[in-house]
Amino acid sequence: MGQTNCKFRTITVFIALLFHGGLIWGQEKAPWTIEADLDQFEQYAGVTVANGIIGVVSSPNPFQVKDIVMAGAYDVNGRGRVSNFIRNINPLNLFVEVDGHRISSANASNHTQQLDFYRGKFSSQFNFEDKATVKVTYRALRQLPYNTLVEVTVTAHKPFLMNAGSIIDTPESLRGPQNLHTQINVTGGTLNLMTTKAKSPSEKLELAACSTLLFPEEKAKEPVIIHEQWDANRQLMRFNKALKKGESYTFSVVSALLSSAHQADPYNESERLAIYGALQGRNQLVESHEAAWKTLWEEGDIIVKGDPQLQQDLRNMLYHLYAFVREESAYSLSPMGLSGLGYNGHIFWDTDIWVFPALLVLQPQLAKSLIEYRFDRLDAAKRNAWMHGYKGAMYPWESAVTGDEETPTWALSGPFEHHISACVGIAAWNYYSVTQDTTWLEEKGWPMMEAIGEFWLSRVTEDSNGQFHIKNVVGADEWAENIDNDAWTNGAVKTHFNNLKQAAIVLGKPLNTAWSQVANNLIIERFPDGTTREHRTYDGEPVKQADVNLLAYPLNIVTEANQIRKDLEYYKLKIPDIGTPAMTKSIFALLYARLGDTEKAYEAFLDAHRPNQWGPFRVIMEAPRSYNPYFVTAAGGNLQTLLMGFGGLKITDKGLVKEAVPLPKKWKQLILKGVGPENKTYTLE
């Protein structure tokens, strides 16, 4: 992980124990949903409904969302002088009044919220006094990348007059907001559009959001809509409806959000897409959305029988991976996905090494977007190498829109954490290895891999004995700065050159003898007892995150069981329990599973995610006592433990292969559904 967002919020031990012991979780064991009673929670970490482009982050207020995050929409706004996710126009806030009294979290009772993984929706349900029950449901529509749908159902327990409506809020950071209200003639009546357009903080981008209300009545009988503009940063459309005792009434809000990073004319296009969604109607929108999510789950799922809580947790992890990535988008994802503004929305090695392999095994079409994001920024990586005096392609440690370096200048990871380039090359070869798509390898994989190899040939140094070294780097263990011969960096470079040679053979390209020369003679340091040494001057100090142990997986450089175990036993004692990223212990678990140390693997696997879960929805934080959901990197690591550890899958040059690995005693069965391009299913017992 980068060093640009490492402040963790301390929580009380008492609350942590309550969460860890499961005493105040909501409905813990439903395999496809997780539900929480908000009356029991003092701490709230929201969840996200997302479609790979738009992320809608929940709040404890039933009619408000915390954030709207859009993939690809970045601007500089005083956060380290680098690009960061924009806090967007928000067209998803609502209000409901009963006989003139506005409902809020303060006067709602029996308030529950539910995330439905299978259907990709988030709902709140609550009572208002003895007069009404209300349910609010949010969807980021999977079939329409820039559209959202919110539904509100109000059930009257007594007769009352309801005043309700949709709000568009514009953050103060956006420039020159303009609010517009128009009516479009459609069959049977009119469609009211409420649109806000504004510029990003630096005025680099144009942003727009448009909403329209849908009602169950025929157009001619719909409620009269009243438009109000409170100020430049807020406008609303509202209506009145008299409800009888026992009557239920549902209205919906269809919205579209765009920026000029996505479409040249976001103002007009947001209105077109809102109209397009509205005229499909609520039922068709929901049906298509749920069908798209159903397809994802049919194509890739992990089923654990015998551990209901783990089953729910795994679906939670898979849901967030699927929600944060969109096929054919060529967008990548940050360590926090679309769950907020953490890490500025930047792209790190988290994607290529921690998330990508799990997606590649279960959803190759989603994984393709992540690696094509890197291909689209190859020219920027070449420019970056040239600026630093190297050849080939040097990928930035933190990437956003352009592919230029986006790390704040105070963090040494920007100019020195060079292993990212090998990570990109490894991901490219892994994509070919799983899909066996030689056309993609020729057109996109090879140009990246060859240019990355060129960079490393210009980056290594050779000594008088013919051995090669990589000096002055920041390793995967970012507490080790400006060191020589970092184990992970050197190991990743070895792996890249071996992969490059195999790619050349597949494509009939000439072999460069320097590739094998460097791969065979690049130093991996060792202690006198044979334990792999993290870097040349490492002397047993605490380690921030996995480095040496990655040589066994995913690199497969250390393959002898005794050496893997020796390195495991040494470095697991060097990882502090507090303040370190969550993914390290998933690697420990994976390696123990492959060694056949099943119970050690199971213990490490649970320790890799459960201490980091927080709030009513068991979202994964980056570290225990941190507060920056949703840490999709950890989800990717844990899913790799299931797939490539207990599941026995291996990515090889010839495709995916399956090896036998014993399961934990608690599990009755492990089913890997939709593996690889052929959608194979493996049932393990």
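The values are calculated or read from the model by the stated rules, or taken from the named source; none is laboratory data. In this text, all values refer to a predicted model and were calculated from it rather than measured experimentally. In this analysis, Cβ positions are derived from the backbone assuming ideal geometry, glycine residues included, and neighbour counts consider all displayed protein chains. SASA here: full protein model, heavy atoms, side chains in, ligands and nucleic acids out. Shrake-Rupley method; radii C 1.70, N 1.55, O 1.52, S 1.80 Å.
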- prompt: Among the residues of region 559-589, how many are part of a helix (DSSP H, G or I), of a type in the set (A, V, I, L, M) and either within 19 Å of Pro528 (Cα to Cα) or out of contact with any Leu (no Cβ under 9 Å at 6 or more places or on another chain) (or both)?
  reply: 3
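Take residues that are farther than 23 Å from His101 by Cβ and touching a strand residue (DSSP E or B) at 6+ places or on another chain (Cβ under 9 Å) and tell me which of the strands (runs of 3 or more DSSP E) falling wholly in region 201-295 contain 3 or more.
Details: elements: 206-214, 226-231, 234-243, 248-259.
Strands (runs of 3 or more DSSP E) meeting the threshold: 206-214, 248-259.
Each row is one residue, and each column tells you yes or no for (1) in contact (Cβ under 8 Å) with a residue 12 or more places away in the chain; (2) in a loop (DSSP other than H, G, I, E, B); (3) open to solvent by 40 Å² or more (accessible area, probe 1.4 Å).
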position: Phe95; (1), (2), (3): yes, no, no
position: Ser123; (1), (2), (3): yes, no, no
position: Asp130; (1), (2), (3): yes, yes, yes
position: Val134; (1), (2), (3): yes, no, no
position: Leu144; (1), (2), (3): yes, yes, no
position: Leu149; (1), (2), (3): yes, no, no
position: Val154; (1), (2), (3): yes, no, no
position: Leu161; (1), (2), (3): yes, no, yes
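Okay, residues lined up against (1) open to solvent by 10 Å² or more (accessible area, probe 1.4 Å); (2) of a type in the set (Asp, Glu); (3) touching a residue at least 12 places away in the same chain (Cβ under 8 Å):
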{"site": "Asp404", "(1), (2), (3)": "yes, yes, yes"}
{"site": "Ser421", "(1), (2), (3)": "no, no, yes"}
{"site": "Ser433", "(1), (2), (3)": "no, no, yes"}
{"site": "Trp446", "(1), (2), (3)": "yes, no, yes"}
{"site": "Val460", "(1), (2), (3)": "yes, no, yes"}
{"site": "Ser464", "(1), (2), (3)": "yes, no, no"}
{"site": "Asn485", "(1), (2), (3)": "no, no, yes"}
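On the basis of being buried (at least 18 other Cβ atoms within 10 Å of the Cβ) and more than 23 Å from the chain's Cα centre (by Cα), does Pro616 make the cut? Give the derivation first.
Working: buried (at least 18 other Cβ atoms within 10 Å of the Cβ): yes; more than 23 Å from the chain's Cα centre (by Cα): no.
No; evaluated as a whole, the condition is false for this residue.
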- request: Select, from Asp313, Asp352, the only residue that is of a type outside the set (A, V, I, L, M, F, W, C), open to solvent by less than 10 Å² (accessible area, probe 1.4 Å), more than 16 Å from Ser421 (Cα to Cα) and modelled with pLDDT of 95 or more.
  value: Asp313
query: Considering Gly80, Gly72, Gly55, Gly100, which residue is out of contact with any strand residue (DSSP E or B) (no Cβ under 6 Å at 6 or more places or on another chain), closer than 25 Å to Tyr319 by Cβ and touching a residue at least 24 places away in the same chain (Cβ under 8 Å)?
result: Gly72
message: For region 316-333: of the residues being part of a loop (DSSP other than H, G, I, E, B) and touching a residue at least 60 places away in the same chain (Cβ under 8 Å), which is surrounded by the fewest Cβ atoms within 10 Å (Cβ to Cβ)?
response: Glu327
- line: Of those in region 620-659 that are closer than 21 Å to Tyr431 by Cα and either in a loop (DSSP other than H, G, I, E, B) or of a type in the set (Phe, Trp, Tyr) (or both), the residue nearest to the chain's Cα centre (by Cα) is Gly647
task: Scan Thr148, Thr190, Thr195, Thr182 and give me the residue that is within 30 Å of the chain's Cα centre (by Cα), more than 28 Å from Ala30 (Cα to Cα) and among the polar types (S, T, N, Q).
output: Thr195
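Taking the stated definitions as given, is Asn556 at positive phi, in a loop (DSSP other than H, G, I, E, B) and open to solvent by less than 30 Å² (accessible area, probe 1.4 Å)? So that I can check it myself, show each step before the final result.
Values: at positive phi: yes; in a loop (DSSP other than H, G, I, E, B): yes; open to solvent by less than 30 Å² (accessible area, probe 1.4 Å): no.
No.
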